[in-house]
Structures are given as C-alpha cells and as structure tokens.
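Student: There's a structure below that I have some questions on.
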Amino acid sequence: MSRKLNVAIVGATGVVGSIMRRLIAAERDHWGEIRLVASARSAGRRLAVGDETIEVQALSSEVFDGIDIAHFDLPDEVSAEWVPVAAARGVVVIDKSAHFRMDPEVPLVCREANPEAARDRPKGIIANANCTTLALIPTLAALNEAFGLVSMSVASYQAASGSGKEGLEALYAQADKTAGIERIGTEPGDVRAVLGEEYDAPFGAPLALNVVPKVGGWRDGGWTSEELKVRNESRKILGLPDLKVASTCVRVPVAVGHSQAVHATFEREVSVEAAHRVLAEAPGVDLVDDPANGVYPMPIDGVGKPGTQVGRVRQSIDFPNSLEFFVVGDNLMKGAALNSIETAELVRRELEAR
Ligand SMILES: NC(=O)c1ccc[n+]([C@@H]2O[C@H](COP(=O)([O-])OP(=O)(O)OC[C@H]3O[C@@H](n4cnc5c(N)ncnc54)[C@H](OP(=O)(O)O)[C@@H]3O)[C@@H](O)[C@H]2O)c1
C-alpha cells in the first residue's frame, strides 16, 4: 500500500478526544486525512489538530467512507450501536468503550503485554481496556514475565476526569463552591449542605473534600462495574485466565491521574532489588522510587506523561512472595488515548506492509 492511511477520531470533542487530537497531531506525517466526528450538537465546530483546524462532522454511516482506522471515544451505548457500522464499512475500529472488551472475538490490546493480539481481529474491532487496568498492565506484564504473577489485590484512587468532561467540570464546580469557606468539612453534613443534591452528579455524592468508594454501576455481590473490569480485563490482556484479583475502586478529588495501591503475589520470593531491576527496564514504566528523597509517584507529577509511574516498592513483611507498590497512570494518556495510538501504530504498519 503506497498511499497514506486516513484516520478518524470519533468523540473528538470529549476529554479523551482532546488528547487524541494532540497525539495524532504529533504524528501528522503518518496520516492522510484526519477526520473529526462527534454528536450533532458539535457538528460544524472547528477544532485544532496541531496547526490545522478541522470541522467536526456529525456521526453517520457516511463519515466512515474512505477511513482506514477509527478511534472511538464515545459513551458505551453509542459505541455499541456505531462501532459495528464502521467495521462493516471496512474500517479497523479501536474502541475505548467497555462494550466490546470481553467479546472473545475482540482482542483487548496493550502493547507492553500482548501486541500480537492486534493482528487477530475477526470483527475488525480492537478494544482498549479501562483506564485503571491500563495503568497497571505495563508493570504487571513485566513483573509477571520475571516472577510469575499469581494474584493481586488493588485499591484505586481515581481522578474525576475518568468520568469524562462532565466529571472534570463537576469537580472544578464543587471546588469553586467550597473554596474559602472557613473550616468546611469539619462539621457533620456541612459539605452536603453547601453543595446540595444537584452536586451529587456524576459521582453519586460530592467529590470535593471527599472520597467516594463507588466507581461505575453496581453489580451482583456488592461489586462495582469498575472493580470487575480490573479483574476481567487484566486477566484477558495478561493471558492469565485464573489470575486471582481483588479490587476496590474509589473516586478521589484529583483532576487527572489514577493511582493504585497494589499487593501482588508471585510464584517465587521477590526482592525489592530484583523488582527494581525489572521495572527499570520495563517498557511503558517509569520507576519513581526514592522515598528517602521524597520521590514517589503522584498524579500531579504523572499527568501528561506517557509512562506509568511506579514506586513505593516494598517486600511484604508477612508474605515473602509478595510485593507492595504504588502505581500512577494518566487515565487520559496510557489509560485511554496513548494506548489507542500505540495500537493504531501496530495496525498502520500491518496495513501499510500489505
Ligand atoms: N475519561 C477517561 O479517563 C477514559 C479512560 C478510558 C476510556 N474512556 C472511555 O472513552 C470514551 C470517551 O470518554 P470521555 O471521558 O472522553 O467522555 P466525554 O468527555 O464525555 O466525551 C464523550 C464524547 O462522545 C461524544 N458523544 C456523546 N454522545 C454521542 C452521540 N450520541 N453521538 C455521537 N457522539 C456522541 C461527545 O460528543 P459531543 O461533545 O458532541 O456531545 C464527546 O465527543 C468512553 O467510552 C469512556 O468510557 C475514558
């Protein structure tokens, strides 16, 4: 194939879509046409992609004509309807919604763990995992290869932007409304009284001055959808169908960057030094681990970074085969846009080699 491939960003006006535009602009030379798509509400808006300004088109079957690869950054139910429409027109779709991730005929791809899976896409669809799982995978894939991962227990601290532009705007509005109120948060009910019920959306409770132990919808057994995604998507990407996973997902008043405290158990005893050696070389991982000098991963330092930050690596005192560590990943970068760009690169090279 000698021509340059054409690419679409579907959901180009969202928080993930805005990072997609920035990352695609950085690799402009690889692509022919760049097409921006969103809902009819945004049709006609002109958005920047690097030095270019491109008009947003409303989602329709025709917007996929001539497109080779489409990044879908849409709500689950909209992806469920429109991904098959694009795939039926011969477009390779890389979808970030939850809808297709566990379909056995849809590969769930993370370059650091299973790049070969991108080639096997009988439905023409590749799924991008959720942002919490993707923050973990580069670290888990490297440690699994070296020491054999048996189980993990994860507690997450997830940013407001994980709920899209609505989530980010809600956090800023709540922070504005509570700022400057003396000693707010020290009396029963005072934060709820200031914010009122209208501020419960989209997290189910106020997020300013609070943490909310519910990310996603409720599922059987008291689990949330996000907690089950961490388990099921990690198993699928790592190719470890029996991996034992426990997870508790919590929303925190952070703009961007999901953090996770991980207790991971391996087939054999693992020292901190051995883990450091593996993580220092692991693709997609930045080892940020010098606590004596105040160096450890935090979302305000991980935002915008392509690598996931790993630190606070400790050998568990009571579990010789286990490590404790802290991971921070930018949920909009590796957790969404960057992973999708990396997968598209695998597909682009394959299509261009034909
Ligand atoms: N945020 C994260 O950290 C993150 C991480 C991993 C995966 N994801 C997934 O990525 C996807 C996008 O998330 P986001 O956070 O970017 O959401 P968002 O900020 O709310 O953006 C949603 C996008 O979808 C478009 N859209 C909504 N309804 C539509 C419709 N009926 N027809 C066409 N376009 C429609 C919106 O266009 P308008 O502006 O025109 O409404 C907007 O471009 C979701 O599936 C999400 O689960 C998000």
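The values are calculated or read from the model by the stated rules, or taken from the named source; none is laboratory data. For clarity, every value in this text was computed on a predicted model and none was experimentally measured. Here Cβ is always computed from backbone atoms with ideal geometry, including for glycine, and neighbour counts include all displayed protein chains.
Student: Considering region 240-280 alone, what residues qualify as being under 25 Å from Arg111 (Cβ atoms) and without any contact (Cβ under 8 Å) to a residue 60 or more places away in the chain?
Tutor: Pro241, Asp242, His276, Arg277, Ala280
Student: When residues of region 50-67 are filtered for being away from the ligand (no atom under 16 Å from the Cβ) and touching a Leu at 6+ places or on another chain (Cβ under 8 Å), how many remain?
Tutor: Initial filter on region 50-67 (away from the ligand (no atom under 16 Å from the Cβ)): 50-53, 65-66.
Within this subset, residues satisfying the condition of being touching a Leu at 6+ places or on another chain (Cβ under 8 Å) are 53.
Within region 50-67, residues that are away from the ligand (no atom under 16 Å from the Cβ) and touching a Leu at 6+ places or on another chain (Cβ under 8 Å) number 1.
Student: Within region 159-193, how many residues turn out to be within 16 Å of the ligand (Cβ to nearest atom) and assigned to a loop (DSSP other than H, G, I, E, B)? Explain how you work it out, then say what you get.
Tutor: Start the filter on region 159-193 by keeping residues that are within 16 Å of the ligand (Cβ to nearest atom), which leaves 159-173.
Right, trim to assigned to a loop (DSSP other than H, G, I, E, B) and you get 159.
Number of matching residues: 1.
Student: Pick from region 135-151 the residues that are under 19 Å from the mean Cα position of the chain (by Cα) and either at pLDDT below 95 or not β-branched (Val, Ile, Thr) (or both): which of them is surrounded by the most Cβ atoms within 10 Å (Cβ to Cβ)?
Tutor: Taking region 135-151 and keeping what is under 19 Å from the mean Cα position of the chain (by Cα), we get 135-142.
Then drop every residue that is not either at pLDDT below 95 or not β-branched (Val, Ile, Thr) (or both), which leaves 135-136, 138, 140-142.
On the way: Ala135: 30, Leu136: 28, Pro138: 26, Leu140: 26, Ala141: 24, Ala142: 22.
Checked region 135-151; the qualifying residue surrounded by the most Cβ atoms within 10 Å (Cβ to Cβ) is Ala135.
Student: I'm trying to understand the selection: among the residues of region 12-25, which are of a type in the set (Gly, Ala, Ser), over 16 Å from Gly162 (Cβ atoms) and near the ligand (Cβ under 9 Å from one of its atoms)?
Tutor: Within region 12-25, just Ala12 meets the criteria.
Student: Taking the stated definitions as given, is Ile9 within 15 Å of the ligand (Cβ to nearest atom), assigned to a strand (DSSP E or B) and at pLDDT 95 or above? I'd like the intermediate steps shown before the answer.
Tutor: Working: within 15 Å of the ligand (Cβ to nearest atom): yes; assigned to a strand (DSSP E or B): yes; at pLDDT 95 or above: yes.
Yes; evaluated as a whole, the condition is true for this residue.
Student: Just to be sure, is Glu226 surrounded by 15 or more Cβ atoms within 10 Å (Cβ to Cβ) and either assigned to a strand (DSSP E or B) or touching a residue at least 60 places away in the same chain (Cβ under 8 Å) (or both)? Before you say what the answer is, go through the steps one by one.
Tutor: On the way: surrounded by 15 or more Cβ atoms within 10 Å (Cβ to Cβ): yes; either assigned to a strand (DSSP E or B) or touching a residue at least 60 places away in the same chain (Cβ under 8 Å) (or both): yes.
Yes; evaluated as a whole, the condition is true for this residue.
Student: Looking at Val93, is it aliphatic (A, V, I, L, M), modelled with pLDDT of 95 or more, within 13 Å of the ligand (Cβ to nearest atom) and crowded, with 16+ Cβ neighbours inside 10 Å?
Tutor: Details: aliphatic (A, V, I, L, M): yes; modelled with pLDDT of 95 or more: yes; within 13 Å of the ligand (Cβ to nearest atom): yes; crowded, with 16+ Cβ neighbours inside 10 Å: yes.
Yes; evaluated as a whole, the condition is true for this residue.
Student: Starting from region 128-152, take each residue that is not assigned by TED's automatic domain parsing to the domain that holds Cys110 and list its partners that are more than 16 Å from the ligand (Cβ to nearest atom) and among the acidic types (Asp, Glu), counting only C-beta distances under 7 angstrom and pairs at least six apart or across chains.
Tutor: Cβ pairs passing all conditions: Ile137/Glu112; Pro138/Glu112; Ala141/Glu112; Phe147/Glu267; Gly148/Glu267; Val150/Glu267.
Student: Could you figure out which of (1) out of contact with any helix residue (DSSP H, G or I) (no Cβ under 7 Å at 6 or more places or on another chain); (2) within 20 Å of Arg348 (Cβ to Cβ); (3) in a loop (DSSP other than H, G, I, E, B) isn't true of Glu116?
Tutor: (3)
Student: Still on this structure, please answer the following. Quick check on Arg46: is it within 16 Å of the ligand (Cβ to nearest atom) and among the basic types (Lys, Arg)?
Tutor: So Arg46 fits the description; yes.
Student: Additional query: Can you find even one residue in region 318-341 that is of a type outside the set (Gly, Ala, Ser), assigned by TED's automatic domain parsing to the domain that holds Gly32, more than 16 Å from the ligand (Cβ to nearest atom) and touching a strand residue (DSSP E or B) at 6+ places or on another chain (Cβ under 7 Å)?
Tutor: Scanning region 318-341 turns up no residue that is of a type outside the set (Gly, Ala, Ser), assigned by TED's automatic domain parsing to the domain that holds Gly32, more than 16 Å from the ligand (Cβ to nearest atom) and touching a strand residue (DSSP E or B) at 6+ places or on another chain (Cβ under 7 Å).
Student: Then there is this: Just a yes or no: is a residue in region 194-203 within 16 Å of the ligand (Cβ to nearest atom), hydrophobic (A, V, I, L, M, F, W, C), in the same structural domain as Gln260 (by TED's automatic domain parsing) and within 23 Å of Val15 (Cα to Cα)?
Tutor: Kept after step one, since they are within 16 Å of the ligand (Cβ to nearest atom), are these residues of region 194-203: 201-203.
Within this subset, residues satisfying the condition of being hydrophobic (A, V, I, L, M, F, W, C) are 201, 203.
Right, trim to in the same structural domain as Gln260 (by TED's automatic domain parsing) and you get 201, 203.
The next check asks that each one be within 23 Å of Val15 (Cα to Cα); those that pass are 201, 203.
There is at least one residue in region 194-203 that is within 16 Å of the ligand (Cβ to nearest atom), hydrophobic (A, V, I, L, M, F, W, C), in the same structural domain as Gln260 (by TED's automatic domain parsing) and within 23 Å of Val15 (Cα to Cα).
Student: Among the residues of region 317-354, count how many are under 28 Å from Ile125 (Cα atoms) and of a type in the set (S, T, N, Q).
Tutor: Summing the residues that are under 28 Å from Ile125 (Cα atoms) and of a type in the set (S, T, N, Q) in region 317-354 gives 4.
Student: Out of the residues in region 129-150 that are assigned to a loop (DSSP other than H, G, I, E, B) and within 13 Å of the ligand (Cβ to nearest atom), state the one that is nearest to Leu108 (Cα to Cα).
Tutor: Residues of region 129-150 that are assigned to a loop (DSSP other than H, G, I, E, B), as a first pass: 129-130, 148.
So of that shortlist, the ones also within 13 Å of the ligand (Cβ to nearest atom) come out as 129-130.
On the way: Ala129: 6, Asn130: 10 Å.
If we take residues in region 129-150 being assigned to a loop (DSSP other than H, G, I, E, B) and within 13 Å of the ligand (Cβ to nearest atom), then Ala129 is nearest to Leu108 (Cα to Cα).
Student: Which of the following residues is within 25 Å of Asp330 (Cα to Cα) and either surrounded by fewer than 18 Cβ atoms within 10 Å (Cβ to Cβ) or in contact with a Ser or Thr (Cβ under 7 Å, 6 or more places away or on another chain) (or both): Ala80, Ala12, Ala25?
Tutor: Working: Ala80 fails: within 25 Å of Asp330 (Cα to Cα); Ala12 fails: either surrounded by fewer than 18 Cβ atoms within 10 Å (Cβ to Cβ) or in contact with a Ser or Thr (Cβ under 7 Å, 6 or more places away or on another chain) (or both).
On inspection, the qualifying residue turns out to be Ala25.
Student: If a residue must be over 13 Å from Ser61 (Cα atoms), out of contact with any Asp or Glu (no Cβ under 7 Å at 6 or more places or on another chain) and of a type in the set (D, E, K, R), how many such residues does region 72-96 contain?
Tutor: The total comes to 4.
Student: Do the conditions hold for Asn293, that is, is it touching a Phe, Trp or Tyr at 6+ places or on another chain (Cβ under 6 Å), farther than 18 Å from Ala155 by Cβ and away from the ligand (no atom under 16 Å from the Cβ)? Before you say what the answer is, go through the steps one by one.
Tutor: Numbers: touching a Phe, Trp or Tyr at 6+ places or on another chain (Cβ under 6 Å): no; farther than 18 Å from Ala155 by Cβ: yes; away from the ligand (no atom under 16 Å from the Cβ): yes.
When the stated conditions are applied, Asn293 does not pass them.
Student: Right, another one. In the set Ala80, Ala98, Ala70, Ala86, which member is within 8 Å of the ligand (Cβ to nearest atom) and assigned by TED's automatic domain parsing to the domain that holds Gly124? Don't jump to the end; show me each part of the working.
Tutor: On the way: Ala80 fails: within 8 Å of the ligand (Cβ to nearest atom); Ala70 fails: within 8 Å of the ligand (Cβ to nearest atom); Ala86 fails: within 8 Å of the ligand (Cβ to nearest atom).
After ruling out the rest, the residue left standing is Ala98.
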